[in-house]
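Presented below is the structure to which this report refers.
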Amino acid sequence: MMKDILIVLNGGNSGNAVEEAFRAAQSDSRKVKMLQILDSGLYFYGHNDLVAPRLSKRTYLLYIREQILERGKIEAGELREKARNMGISLDIDPVETDDVILTVIAEAKKGYELIFLAKEERKLFPILKRHLARQIRKNVSARVIEC
């Protein structure tokens, strides 16, 4: 019996991972679970603005969150439609988290055969940032595919 496929949708460059996962699911008639990470680098600026008063920071952060949630709903709707057209069973779980790695590992431990995620950009100082795919491989026996 084949296990389900997990897609980690973490940012705008996840299109290749989605395409590859959908192809794999379609060819093997597997279910797909998508972990949609809802985040933005703009949160950093809202939290660390030294000039803005507290109320302005709060308003800014709430506005950014509202925009991220709205964009996430639109993206999820488009992906559901695409999956439906391809005959794929898709379950999307939108997640807001401060620790993407722990969240993804917790989901991956539920038992997936394949995990698709976008290829991460090379970091200037890679020692300071943990690589998601490497962390998943250390903690889960599933096959991790970066696209």
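The values are calculated or read from the model by the stated rules, or taken from the named source; none is laboratory data. For clarity, every value in this text was computed on a predicted model and none was experimentally measured. FYI the Cβ positions are ideal-geometry reconstructions off the backbone, even for glycines, and counts take in every protein chain you see. Please note that ligands, DNA and RNA were not included when accessible areas were found on the heavy atoms of the full protein model with its side chains. Shrake-Rupley method; radii C 1.70, N 1.55, O 1.52, S 1.80 Å.
Can you tell me how many residues within segment 21-36 are among the hydrophobic types (A, V, I, L, M, F, W, C) and outside any helix (DSSP H, G or I)?
Adding up the residues that qualify gives 3.
Right, Tyr43: at pLDDT below 95 and open to solvent by less than 90 Å² (accessible area, probe 1.4 Å) or not?
Judged against the criteria, Tyr43 is a match.
Report, by residue number, each residue of segment 100-119 that is without any contact (Cβ under 8 Å) to a residue 40 or more places away in the chain and either closer than 14 Å to Val32 by Cβ or open to solvent by less than 50 Å² (accessible area, probe 1.4 Å) (or both).
Ile101, Ile105, Lys110
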